[in-house]
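Beneath this line is the structure, given in structure tokens, with notes to follow.
The values are calculated or read from the model by the stated rules, or taken from the named source; none is laboratory data. What you are looking at is a predicted structure, and each value in this text was computed from that prediction instead of being measured. Cβ: placed from backbone, ideal geometry, glycine included. Neighbour counts: every protein chain shown. We work out accessible area using only protein heavy atoms, side chains counted, and drop any ligands, DNA or RNA first. Shrake-Rupley method; radii C 1.70, N 1.55, O 1.52, S 1.80 Å.
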Amino acid sequence: MDEQPSQEPTGRSGQEPGRRLDRRAELSEFLRTRRARLKPEDVGLPDFGRHRRVPGLRREELAQLAGVSVAYYTRLEQGNGRNVSAEVLDAIARALRLSGAEHAHLTHLAKPKQHKKKVSARPQQVRVAMRQLIDTFDSVPAYVVGRRSDILVWNRMSAAVFGDWSRMPAQERNWARMVFLRPEYRELFVEWEQKASDMVSFLRMDAGCHPDDPRLSALVGELSVKSEEFRRLWATHDVKEKSHGVKRLHHPLVGELTLSFETFKLVDDEELSMITYHAEPGSPSAEALRLLASWGTDAIQAGTSAPRP
């Protein structure tokens, strides 16, 4: 079992460490981008304007669909969520056809919990029993991620499939940093673009819950400076919850792997999630995992290991 004691990032960042994300600006841009992706015909409205000055629905059209005044919606889209009711947010979410994750994100931005505990500077901890459980998964890659998609603990099979994270500096054990800044992960994920989009969507969701997290702000600033692709995806304001699906990997030892993944939030700390991967029984990917498990440390060292710092 490996684990990291979370550390403060030491490199330069495009955003001052400690500077919080602007919740009002986040709310404004989120609503604007959600409105821009809808057309009148998408929501059953006639389109009388052949030369629309802005993409998507006009504010007037969105306000009509939500049953609120144009002035009220305009104030909200300008970032003023003060005194907005849950019922109005629900109506706007329906009008914008938001997903469950997007609806939750809108609520976090517009009505932040006034007495919410600030993000602790102390490293997130994973219970010993959970670490021991992950270690028993002999043929199942499994790891636990925390805020900002920091990788906290992982088992031997995760190292064999994704690389020996113990060889990385602790502050680099973060999925967003690895996906956008390490070339070996661009090669590992067959659908790298989808993985990159997912990572940004997860960070956006985290930012809505914790706009005052200085380490998240620093991470976003650093990635914005170092990766044009990250900047482009961050500007879309897409949000997503970690869930389940399929990933295709190109492993340097065993070739292509098709693995299903599942996400389990830990009941004693919902900011921690365990991610597991498995292959369809009897498939070539299942056989490849079996080989990786039997090769042990040889697979870990020859896999997608990061270069030594």
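Put a dot 7 Å past each Cα toward the Cβ at GLN132 and VAL246; how far apart are the dots in nm?
3.7
Among 174-181, 98-105, how do they line up from the highest to the lowest mean number of other beta-carbon atoms within 10 Å?
174-181, 98-105
Which net charge results when you count Lys and Arg as +1 and Asp and Glu as -1 among the other residues whose beta-carbon is under 14 Å from that of GLU193?
For residues surrounding GLU193, the net value is -1.
Hey, which aspartates and glutamates would be in cross-link range of LYS226, C-alpha to C-alpha under 16 Å, not counting anything within fewer than 8 residues on its own chain?
Within the straight-line cut-off, LYS226 pairs with GLU16, GLU172.
Pairs of alpha-carbon atoms within less than 8 angstrom and 6+ residues apart define the contacts here; what relative contact order does the range 59-180 have, in percent? Before the final figure, lay out each step's value.
Numbers: 97 pairs, mean separation 18.5, N = 122.
Here the relative contact order equals 15 percent.
Taking all protein chains in place and a 1.4 Å probe, what share, in percent, of the accessible surface of the range 166-247 do carbon and sulfur account for? Walk me through the intermediate numbers first.
On the way: 1510 of 3070 Å².
That share works out to 49 percent.
Want the number for THR74 to SER139: 0.36 nm per residue separation, take away the alpha-carbon distance, what's left?
18.0 nm
Consider a paramagnetic label point 7 Å from the Cα of LYS39 along Cα→Cβ; state which residues of the range 53-87 have an amide N under 16 Å from it.
Within reach of a label on LYS39: 53-58.
Simple spin-label model, 7 Å along Cα-to-Cβ: ARG167 to ALA86 in nm?
In this crude spin-label approximation the distance works out to 5.1 nm.
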